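Peer 1: Handing you this structure, nothing more for now.
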Amino acid sequence: MTDPRESELLASVPTGLLINGAWREAVGGRTVAVNDPATGDVIREIADASVDDGIAAMNAAADAFPSWAATPARERAEILRRAFDLLQERTEDVALLMTLEMGKPLAEARGEVAYGGEFLRWFSEITAHTQGRYGANPEGTGHMIVTHHPVGPCYLITPWNFPLAMATRKIAPALAAGCTVVIKPATLTPLTTMFFAQILQDAGLPAGVVNVITTTDTGPVSERIISDPRLRKLSFTGSNPVGVKLLQQAAPSVLRTSMELGGNAPFVVFDDADLDKAVEGAMLAKFRNMGQACTAANRFIVHRSIVGEFTRRVTERVRSMKVGRGTEEGVQIGPLIDDRAVVKARTLVEDAVERGAVVTAGGAGMDGPGTFFQPTVIADVQPGSDILREEIFGPVLAIIPFDDEDDAVRLANDTEYGLVSYVFTESIVRGQRMIDRLETGMMGLNVGVVSNAAAPFGGWKQSGLGREGGDEGIHEYLQTKYTLTASPLPA
Ligand code: NAD
């Protein structure tokens, strides 16, 4: 590591486990390396927790729960708001850290700080406004009082692709609701979460309310925490196979769960679309985060009459994209997270080409160091190709033509996922029909990015359970109590 600013920043990141307000080593002093995917270099060693460390974190979250739950909403809100302000002040540090451990271009990392920070501000704003209700029962014989209560200690598991936003999207509503947490970031990108956890401490969060563990023994450590009878909630963002395994582990104790899982987003361009807007939207929906987003457009379903022009325009844009280390000026495509991601992108492109698709831009990995894959466009993808079924999670834009609206709807809904769909049309009537017809938890109508802290983020079908963000987000961490009073209350 030669850049002094990078070295200084990395040296300032806490690398232990945060348990009960103190950073400490893992039992036995075990550590694991974190790499820069653009160079392959080790950038820090972090603590590698054992099952005992996981139990210690669980103990801290359980012990801190009663007093945090009893802390007035306004006080909780003010800590979240202070954390929001501190995050803004430290934007450049957090963004650079994210780029170093995850690879995304610095401009996108700054965008993630803005987006991720919004969850702190949003939930600081709504915590004091989240009320129950009171009213006479329909028979007029009593009154019904509905109140909300924090569910209790929570276990939060986050993926590597949005190291800050996936953490704040869970931590902020949990804290706003009065819950305490143990969070386990992905071992590939733990530094941002650790840095952010220190920001929460600096904002005045009491000890034990947020505990951070990082581990390569993910299965055993998580299983032990999930089976702890004091745990009341599991919130997971990641892949479907892991999500299913966690749901099975949560079943015996009927643990409340939120699952943000995979996507296979259709991006439908009708013949009445504004093509400039559609191309702009396509570049964002596909290439943000190098395509490594659950909301990334996976299948570009384009009307046959404009598919040639659409392909020509996106091909031109993609061929001119700058690929490189995310810290370099003007870079639009950084490295993929690891070798497996490169192999996956290459295998999906090869399968599509064998079945008749045509590569019009990119199409291959790049020489090392670093795990790069060229931004790619493939046209005329044939039915049955793996790329239409699997989540690509890479910078590959795959195009299939359609003939009429029914055809487009059938293709768009032909997946077990249902996270997000993008539709481009200038017809308000058609847009409205698509809202009704697409099986999707979220929809972008003439826009290529939908994420917003004030909106309920989440999927239909196998894309998950529950919502993050919006008014709905806090209720994932609250439980409802209804009380009937035997007689009318005094006026
Ligand atoms: P992953 O499932 O491999 O890992 C996610 C997290 O789960 C990591 O922290 C990992 O360490 C942990 N994990 C792995 N095995 C575990 C086990 N046995 N027990 C407990 N925890 C375990 O997913 P990933 O590769 O990090 O992320 C990519 C996936 O996440 C994609 O499928 C993507 O669509 C999905 N994702 C979904 C959303 C959403 O909001 N729907 C957002 C971002 C990513």
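Peer 1: Counting just the residues of region 261-294 that are open to solvent by 10 Å² or more (accessible area, probe 1.4 Å), touching a residue at least 60 places away in the same chain (Cβ under 8 Å) and not hydrophobic (A, V, I, L, M, F, W, C), which one comes out farthest from GLU468 (Cα to Cα)?
Peer 2: This residue is ASP272.
Peer 1: Just to be sure, is GLY263 touching a Cys at 6+ places or on another chain (Cβ under 8 Å) and within 13 Å of the ligand (Cβ to nearest atom)?
Peer 2: yes
Peer 1: Let me ask something else about it. Can you tell me which residue is nearest to the ligand (Cβ to nearest atom) among those in region 161-182 that are over 14 Å from the mean Cα position of the chain (by Cα) and aliphatic (A, V, I, L, M)?
Peer 2: In this case the residue turns out to be VAL182.
Peer 1: Quick one: which residue in VAL450, VAL423 is assigned to a loop (DSSP other than H, G, I, E, B) and surrounded by 16 or more Cβ atoms within 10 Å (Cβ to Cβ)? Talk me through it step by step, then tell me what you get.
Peer 2: Values: VAL423 fails: assigned to a loop (DSSP other than H, G, I, E, B).
The conditions single out VAL450.
Peer 1: Pick out, from region 31-134, the helices (runs of 4 or more DSSP H) lying fully within it that include 3 or more residues that are small (Gly, Ala, Ser) and free of Cβ contacts under 8 Å to residues at least 60 places away in the same chain.
Peer 2: By residue number, 106-126.
Peer 1: When you go through ALA107, ALA95, ALA165 one by one, which is the residue that is open to solvent by 50 Å² or more (accessible area, probe 1.4 Å) and either outside the structural domain of VAL221 (by TED's automatic domain parsing) or of a type in the set (A, V, I, L, M, F, W, C) (or both)?
Peer 2: ALA107
Peer 1: I'd like to check something: does region 152-160 contain any residue that is in contact (Cβ under 8 Å) with a residue 40 or more places away in the chain, away from the ligand (no atom under 16 Å from the Cβ) and touching a helix residue (DSSP H, G or I) at 6+ places or on another chain (Cβ under 7 Å)?
Peer 2: Yes - at least one qualifying residue is present in region 152-160.
Peer 1: In addition: What is the residue count in region 216-241 for residues that are within 12 Å of the ligand (Cβ to nearest atom), of a type outside the set (Phe, Trp, Tyr) and either within 18 Å of THR189 (Cα to Cα) or open to solvent by less than 60 Å² (accessible area, probe 1.4 Å) (or both)?
Peer 2: 14
Peer 1: Out of GLU328, GLU316, I need the residue that is touching a Pro at 6+ places or on another chain (Cβ under 9 Å) and open to solvent by 30 Å² or more (accessible area, probe 1.4 Å). Which one?
Peer 2: Residue meeting the stated conditions: GLU328.
Peer 1: Right, next: The conditions are (1) more than 22 Å from SER239 (Cα to Cα); (2) surrounded by 24 or more Cβ atoms within 10 Å (Cβ to Cβ); (3) not β-branched (Val, Ile, Thr), and GLU112 fails exactly one of them. Which is it?
Peer 2: (1)
Peer 1: List the residue pairs whose Cβ atoms are under 8 Å apart, where the first residue sits in region 220-233 and is more than 22 Å from ASP48 (Cα to Cα), the second is open to solvent by 80 Å² or more (accessible area, probe 1.4 Å), and the two are 6 or more positions apart or on different chains.
Peer 2: ARG232/ARG256; LYS233/ARG256
Peer 1: Is one or more of the residues making up region 36-50 under 17 Å from MET102 (Cα atoms), open to solvent by 20 Å² or more (accessible area, probe 1.4 Å) and at pLDDT below 95?
Peer 2: Scanning region 36-50, I find no residue that is under 17 Å from MET102 (Cα atoms), open to solvent by 20 Å² or more (accessible area, probe 1.4 Å) and at pLDDT below 95, so the answer is no.
Peer 1: Could you please let me know if ASN137 is in contact with a strand residue (DSSP E or B) (Cβ under 8 Å, 6 or more places away or on another chain) and modelled with pLDDT under 95?
Peer 2: When the stated conditions are applied, ASN137 passes them.
Peer 1: Could you grab the pairs with beta carbons closer than 7 Å, sequence gap of 6+ or different chains, first residue in region 346-360 and on the phi > 0 side of the Ramachandran plot, second one open to solvent by less than 10 Å² (accessible area, probe 1.4 Å)?
Peer 2: Every condition considered, no pair remains.
Peer 1: Just the residues that are within 11 Å of the ligand (Cβ to nearest atom) and touching a Phe, Trp or Tyr at 6+ places or on another chain (Cβ under 9 Å), please, taken from region 454-463. Let's see the steps before the verdict.
Peer 2: Keep residues of region 454-463 that are within 11 Å of the ligand (Cβ to nearest atom), which gives 457-459, 462-463.
Within region 454-463, GLY459, GLN462, SER463 qualify.
The values are calculated or read from the model by the stated rules, or taken from the named source; none is laboratory data. Keep in mind that this is a model prediction, so the values were computed, not measured. Note that we place each Cβ from the backbone using ideal geometry, even for glycine, and neighbour counts take in every protein chain shown. Quick note on the areas: whole protein, heavy atoms, side chains included, nothing else; ligands and nucleic acids left out. Shrake-Rupley method; radii C 1.70, N 1.55, O 1.52, S 1.80 Å.
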